[in-house]
Amino acid sequence: GKLMDLKDRFGGLIGQASALFGGGSPDQVQEALLGRLEETRAIINKVNTAFQDPALTTFVCVCIPEFLSIYETERLVQELSKFGIDSHNIVVNQVLFPEKDAEELGEWFDSNKDGMQKEAREICSKMMARKRMQDKYIGQCFDLYGDDFHVVLMPLLDHEVRGVEKLKDFSELLINPIDLEE
């Protein structure tokens, strides 16, 4: 259907191009192009089938706990769903102290800030503001996905994940995530 339509629409152009480049008769060039398109279509159909089989392919969405990232993750989940692609895993990366909530850290900060130097107090104050913001978006993430998705919080690390050993350590956090119920 569609390939024959393409042949009808571009047949004259293909004929001119084949004559220009000395590629044989226009019919031979058209048949070669159509054959190539059919091969490509078969490959695309195979890939599409694999993407839609959750036993073969699962898409893991990774975001950070900020508005735009959570918003874009939701758009991605919806688009993948439209195409029948499994995406029931979400990793929220770069979380400040995922095992503690902002209220708990705020109590610690309030009871210790008077004994801190000005610079340390400012650093902790900024960290607390970031932690409160992250907790808000992590809450939204669990509201959106908590029942139907596997959501994992990954801590903000004090180093880059580079090299085999650090990658193994990082993967351990994915496999055995921080228990938020403790």
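The values are calculated or read from the model by the stated rules, or taken from the named source; none is laboratory data. As the structure is a computational prediction, the values presented were derived from the model and not from experiment. For neighbour counting, all protein chains shown are included, and Cβ atoms are generated from backbone atoms with ideal geometry for every residue, glycine included. Keep in mind that these areas ignore ligands, DNA and RNA; they rest on the heavy atoms of the full protein, side chains included. Shrake-Rupley method; radii C 1.70, N 1.55, O 1.52, S 1.80 Å.
Applying the selection to the range 88-119, what residues are touching a residue at least 40 places away in the same chain (Cβ under 8 Å) and either of a type in the set (A, V, I, L, M) or part of a helix (DSSP H, G or I) (or both)?
Across the range 88-119, the qualifying residues are I90, V91, V92, V95, L96.
Could you list, in sequence order, all residues of the range 137-158 that are without any contact (Cβ under 8 Å) to a residue 60 or more places away in the chain, outside any helix (DSSP H, G or I) and open to solvent by 80 Å² or more (accessible area, probe 1.4 Å)?
D147, D158
Would you point out the residue of the range 102-136, among those that are of a type in the set (S, T, N, Q) and more than 24 Å from L68 (Cα to Cα), that is surrounded by the most Cβ atoms within 10 Å (Cβ to Cβ)?
Filtering the range 102-136 for residues that are of a type in the set (S, T, N, Q) and more than 24 Å from L68 (Cα to Cα), the one surrounded by the most Cβ atoms within 10 Å (Cβ to Cβ) comes out as N112.
Please indicate, with yes or no, whether at least one residue in the range 50-60 is closer than 16 Å to V151 by Cβ, without any contact (Cβ under 8 Å) to a residue 60 or more places away in the chain and out of contact with any Asp or Glu (no Cβ under 9 Å at 6 or more places or on another chain).
Keep residues of the range 50-60 that are closer than 16 Å to V151 by Cβ, which gives 58-60.
Subset that is without any contact (Cβ under 8 Å) to a residue 60 or more places away in the chain: 58-60.
Next, only the ones that are out of contact with any Asp or Glu (no Cβ under 9 Å at 6 or more places or on another chain) stay: 60.
Among the residues of the range 50-60, at least one is closer than 16 Å to V151 by Cβ, without any contact (Cβ under 8 Å) to a residue 60 or more places away in the chain and out of contact with any Asp or Glu (no Cβ under 9 Å at 6 or more places or on another chain), which makes the answer yes.
Please state which one of D5, D53 is in a loop (DSSP other than H, G, I, E, B), within 30 Å of K82 (Cβ to Cβ) and either open to solvent by less than 90 Å² (accessible area, probe 1.4 Å) or at pLDDT below 65 (or both).
Step by step, each of D5, D53 is checked, and only D53 is in a loop (DSSP other than H, G, I, E, B), within 30 Å of K82 (Cβ to Cβ) and either open to solvent by less than 90 Å² (accessible area, probe 1.4 Å) or at pLDDT below 65 (or both).
Can you find a residue in the range 24-39 that is surrounded by 12 or more Cβ atoms within 10 Å (Cβ to Cβ), modelled with pLDDT of 80 or more and acidic (D, E)?
no
Could you please find all residues in the range 67-92 being charged (D, E, K, R) and open to solvent by 70 Å² or more (accessible area, probe 1.4 Å)? Show your work before the answer.
Our first condition is that a residue be charged (D, E, K, R); within the range 67-92, this holds for 72, 74-75, 79, 82, 86.
Matches in the range 67-92: E72, R75, E79, K82.
Mind counting the residues in the range 25-49 that are charged (D, E, K, R) and touching a residue at least 24 places away in the same chain (Cβ under 8 Å)?
Qualifying residue count, the range 25-49: 1.
When you scan the range 127-173, how many residues do you find that are within 29 Å of D110 (Cα to Cα) and polar (S, T, N, Q)?
Result for the range 127-173: 2.
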